[in-house]
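Take a look at the structure set out below.
The values are calculated or read from the model by the stated rules, or taken from the named source; none is laboratory data. Since the structure is predicted, the reported quantities are computational estimates derived from the model, not experimental observations. Reconstructed Cβ throughout: ideal geometry from the backbone, glycine too, with neighbour counts over all protein chains shown. Surface accessibility is based on the protein's heavy atoms, side chains included, excluding ligands, DNA and RNA. Shrake-Rupley method; radii C 1.70, N 1.55, O 1.52, S 1.80 Å.
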Amino acid sequence: MKPNPHTTKNELLKVYPAKTARKRADQIVVNEHRADGAVPEIRANVRTTPGAITQRGCTYAGCKGVVIGPTRDILSITHGPIGCGFYSWLTRRNQTRPEGPDDANYITYCLSTDMQDEQIVFGGEKKLRAAIEEAYAIFHPKAIAIFSTCPVGLIGDDVHSVARDMKEKLGINVFGFSCEGYKGVSQSAGHHIANNQLFKHVVGTNETPRPEKFKINMLGEYNIGGDAFVIEDLLERCGITLVSTFSGDSTYDAFANSHMADLNAVMCHRSINYVAEMMEKKFGIPWIKVNFVGAEGTAKSLRHIAQYFNDAELTGRVEKVICEEMTAVLETQFDVRSRCEGKTAMLFVGGSRAHHYQMLFAEMGMKTVAAGYEFAHRDDYEGRRVLPSVKVDADSRNIEELQVVADETRYLPRRGPEELVQLQTGGVEISGYQGMMPEMEEGTLVIDDIYHFEMERLLEIYKPDVFCAGVKEKYAVQKAGIPCKQLHSYDYGGPYAGFRGAINFYNEIDRMVNTKIWSFARAPWETEEELEQEALAS
Ligand code: CFM
């Protein structure tokens, strides 16, 4: 029998103390579509209840690990005790492809100031200066980024003044991030801090003209498992120039030159919408939301980009590429559907993939029964239309909001107001994002910042065919006899973006949900009787 989402919600809440349950109730929502197109309000981007096991990471992880880390030629130095430096050793499977063997690639390095008790007591700025000088002497990078860990903020080291001094002394760009782990309620604060500094210190600092006709930036694509390579290839075949990706397979110079693009295509809205908005205000570059996860999403995104440029030849090439790719996609879809149709999935991950990957499951005929983000905000769930009603609390006020105005000489609106309206009526949403909930079925469960206990209960109640999360959850899920697909790291797999990636994903999930192996795992809650019944049924 299909589990009832309302009863399930009560099941999850009943273990909590009254006050916690009350607050938590606003983060666990049964999805519905109201007449005006709105969805229920969800509480998001708020502190995790102390004591709960959350999936979240810290602000430092969001800044260093997520947004800046994938850029191969910015040398990153983590200022803090070495124990904090886990994310300075990039564990995120983002790939990069230097143009030649001599081109810089610092991604595999892990640099930390290794603060000791002495620096905690007397200050760590001296050690930071020494570290920057040492790193410069060894690598001669184009730019150095300094990342603050919690103790740096607590003792009050001024990384920004050190950065200014060193910038002058070394003659390269040196900039710091006040991304102490505690700065926000999750890694989301770190994205914002990273976006601000990139925008302030890098974007627009390289004026090399770009003569190409169709120039875009890809925002919020981090090249996990090679996704960006697939997208780069598609764009190239369509004749679309990628000026910069933020920040998968990216370089410092590309960021610096990115204001030459005529369109920002935003893949992960959560982590980078700030850069899109700021570039629009300062340089007049419009942005659209794209999604290269799922074959349909990929085709639609390419078509929207073509519509934006409104050029017959480009449109023709885009259609040709889509056509070339779709045959294999449809063949695989047809094949996997025969085994996967009607199976169920749950996705609890990050701030965008829990939404995007539902498209891939849908293409396989699978149903998403519950989903949620770790650290997204209300607009990622309900759509940007709710932005004016999002309350600014003490935690979000903590993060600087840059006041951006049109650049005196370089502001150039790429499209006039009428053209934008025309695009909008043509189905290309400008500066918009619909969010996850409007695209999920009614009666599905949407849970923000899911706690580990809730996850285990969900597995027990729904017994989904596949659960998507990260490595922290993976083995707990599998012990319950349910396969877990890691959507952060892709479990050593991927790419999953674009058409080729979709085929990869269909095949992998098909294997995961149809193998017999999981039926041999015994979930702790299964009774003898249930086991016997299962044995009889198989
Ligand atoms: Fe954006 Fe990401 Fe994600 Fe994200 Fe992330 Fe990631 Fe993610 Mo892990 S930037 S919000 S902070 S799409 S690292 S590449 S998989 S949680 S859903």
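From the list GLY383, GLY416, GLY427, which residue is touching a residue at least 40 places away in the same chain (Cβ under 8 Å), farther than 30 Å from SER338 by Cα, loosely packed, with under 15 Cβ neighbours inside 10 Å and away from the ligand (no atom under 16 Å from the Cβ)?
Residue meeting the stated conditions: GLY427.
Out of (1) charged (D, E, K, R); (2) touching a helix residue (DSSP H, G or I) at 6+ places or on another chain (Cβ under 8 Å); (3) open to solvent by 30 Å² or more (accessible area, probe 1.4 Å), what's the single condition that is false for ASP36?
(2)
In the range 40-58, how many are more than 16 Å from the ligand (Cβ to nearest atom) and touching a residue at least 12 places away in the same chain (Cβ under 8 Å)?
Of the residues in the range 40-58, the ones more than 16 Å from the ligand (Cβ to nearest atom) are 40-43, 46-47, 49-53.
Going one step further and asking which of them are touching a residue at least 12 places away in the same chain (Cβ under 8 Å), we end up with 40-43, 46-47, 49, 52-53.
Result for the range 40-58: 9.
Would you confirm whether or not the range 435-458 contains a residue that is more than 30 Å from ASN514 (Cα to Cα), open to solvent by less than 20 Å² (accessible area, probe 1.4 Å) and within 16 Å of the ligand (Cβ to nearest atom)?
So in the range 435-458, the residues more than 30 Å from ASN514 (Cα to Cα) come out as 435.
Still in the running and open to solvent by less than 20 Å² (accessible area, probe 1.4 Å): 435.
Okay, now just the ones that are also within 16 Å of the ligand (Cβ to nearest atom), so 435.
Yes; the residues of the range 435-458 include at least one that is more than 30 Å from ASN514 (Cα to Cα), open to solvent by less than 20 Å² (accessible area, probe 1.4 Å) and within 16 Å of the ligand (Cβ to nearest atom).
Give ALA143, ALA130, ALA137 a once-over and let me know the one that is over 27 Å from TYR492 (Cβ atoms), more than 16 Å from the ligand (Cβ to nearest atom), hydrophobic (A, V, I, L, M, F, W, C) and open to solvent by less than 30 Å² (accessible area, probe 1.4 Å). Show your work before the answer.
Values: ALA130 fails: open to solvent by less than 30 Å² (accessible area, probe 1.4 Å); ALA137 fails: open to solvent by less than 30 Å² (accessible area, probe 1.4 Å).
From the options ALA143, ALA130, ALA137, the qualifying one is ALA143.
For the range 165-176, state whether one or more residues are open to solvent by less than 10 Å² (accessible area, probe 1.4 Å), within 16 Å of the ligand (Cβ to nearest atom) and touching a residue at least 12 places away in the same chain (Cβ under 8 Å). Spell out the reasoning first.
Applying the first criterion (open to solvent by less than 10 Å² (accessible area, probe 1.4 Å)) to the range 165-176 yields 166, 174-176.
From the residues that got through so far, the ones that are within 16 Å of the ligand (Cβ to nearest atom) too are none.
Looking through the range 165-176, none of the residues is open to solvent by less than 10 Å² (accessible area, probe 1.4 Å), within 16 Å of the ligand (Cβ to nearest atom) and touching a residue at least 12 places away in the same chain (Cβ under 8 Å).
Output the number of residues of the range 479-522 satisfying the condition of being hydrophobic (A, V, I, L, M, F, W, C), closer than 15 Å to LEU360 by Cβ and without any contact (Cβ under 8 Å) to a residue 40 or more places away in the chain.
Our first condition is that a residue be hydrophobic (A, V, I, L, M, F, W, C); within the range 479-522, this holds for 480, 482, 484, 487, 497, 499, 502-503, 505, 509, 512-513, 517-518, 520-521.
Now narrow it down to the ones that are closer than 15 Å to LEU360 by Cβ: 487, 497, 499, 502-503, 505, 509, 512-513.
Keeping just the survivors that are without any contact (Cβ under 8 Å) to a residue 40 or more places away in the chain gives none.
Selection size over the range 479-522: 0.
Given the condition of a type in the set (Lys, Arg), under 30 Å from LYS289 (Cβ atoms), within 22 Å of the chain's Cα centre (by Cα) and surrounded by fewer than 20 Cβ atoms within 10 Å (Cβ to Cβ), answer yes or no: does some residue in the range 478-493 qualify?
Looking only at the range 478-493, we keep the residues that are of a type in the set (Lys, Arg), and these are 479, 485.
From what's left, under 30 Å from LYS289 (Cβ atoms): 485.
Now drop any that are not within 22 Å of the chain's Cα centre (by Cα), which leaves 485.
Narrowing further to those that are surrounded by fewer than 20 Cβ atoms within 10 Å (Cβ to Cβ): none.
No: the range 478-493 contains no residue that is of a type in the set (Lys, Arg), under 30 Å from LYS289 (Cβ atoms), within 22 Å of the chain's Cα centre (by Cα) and surrounded by fewer than 20 Cβ atoms within 10 Å (Cβ to Cβ).
If only one of ARG397, ARG385, ARG415 is closer than 26 Å to ALA261 by Cα and basic (Lys, Arg), which one is it?
On the way: ARG397 fails: closer than 26 Å to ALA261 by Cα; ARG385 fails: closer than 26 Å to ALA261 by Cα.
The unique qualifying residue is ARG415.
Go through (1) over 30 Å from ILE231 (Cβ atoms); (2) within 16 Å of the ligand (Cβ to nearest atom) for ASP491 and report which single condition fails.
That leaves (1) as the condition not met.
Only one of (1) within 16 Å of the ligand (Cβ to nearest atom); (2) open to solvent by less than 20 Å² (accessible area, probe 1.4 Å); (3) assigned to a helix (DSSP H, G or I) fails for VAL162. Which number is that?
The single condition VAL162 does not satisfy is (1).
Any idea which of (1) of a type outside the set (D, E, K, R); (2) in contact (Cβ under 8 Å) with a residue 40 or more places away in the chain; (3) away from the ligand (no atom under 16 Å from the Cβ); (4) in contact with a strand residue (DSSP E or B) (Cβ under 9 Å, 6 or more places away or on another chain) is the one GLN307 doesn't satisfy?
(4)
Considering every residue within the range 59-76, establish whether at least one is touching a residue at least 60 places away in the same chain (Cβ under 8 Å), within 16 Å of the ligand (Cβ to nearest atom) and open to solvent by 30 Å² or more (accessible area, probe 1.4 Å).
The answer is no; no qualifying residue exists.
Given the criterion at pLDDT 95 or above and either under 30 Å from GLU280 (Cα atoms) or under 21 Å from the mean Cα position of the chain (by Cα) (or both), identify the matching residue among TYR462, TYR411.
Working: TYR462 fails: either under 30 Å from GLU280 (Cα atoms) or under 21 Å from the mean Cα position of the chain (by Cα) (or both).
Going through TYR462, TYR411 in turn, just one is at pLDDT 95 or above and either under 30 Å from GLU280 (Cα atoms) or under 21 Å from the mean Cα position of the chain (by Cα) (or both): TYR411.
Would you check if GLY372 is more than 10 Å from the ligand (Cβ to nearest atom), within 30 Å of PRO483 (Cβ to Cβ) and either open to solvent by less than 20 Å² (accessible area, probe 1.4 Å) or at pLDDT 95 or above (or both)?
Values: more than 10 Å from the ligand (Cβ to nearest atom): yes; within 30 Å of PRO483 (Cβ to Cβ): yes; either open to solvent by less than 20 Å² (accessible area, probe 1.4 Å) or at pLDDT 95 or above (or both): yes.
So GLY372 passes the test.
Confirm whether THR344 is touching a residue at least 12 places away in the same chain (Cβ under 8 Å) and within 27 Å of THR241 (Cβ to Cβ). Spell out the reasoning first.
Working: touching a residue at least 12 places away in the same chain (Cβ under 8 Å): yes; within 27 Å of THR241 (Cβ to Cβ): no.
Judged against the criteria, THR344 is not a match.
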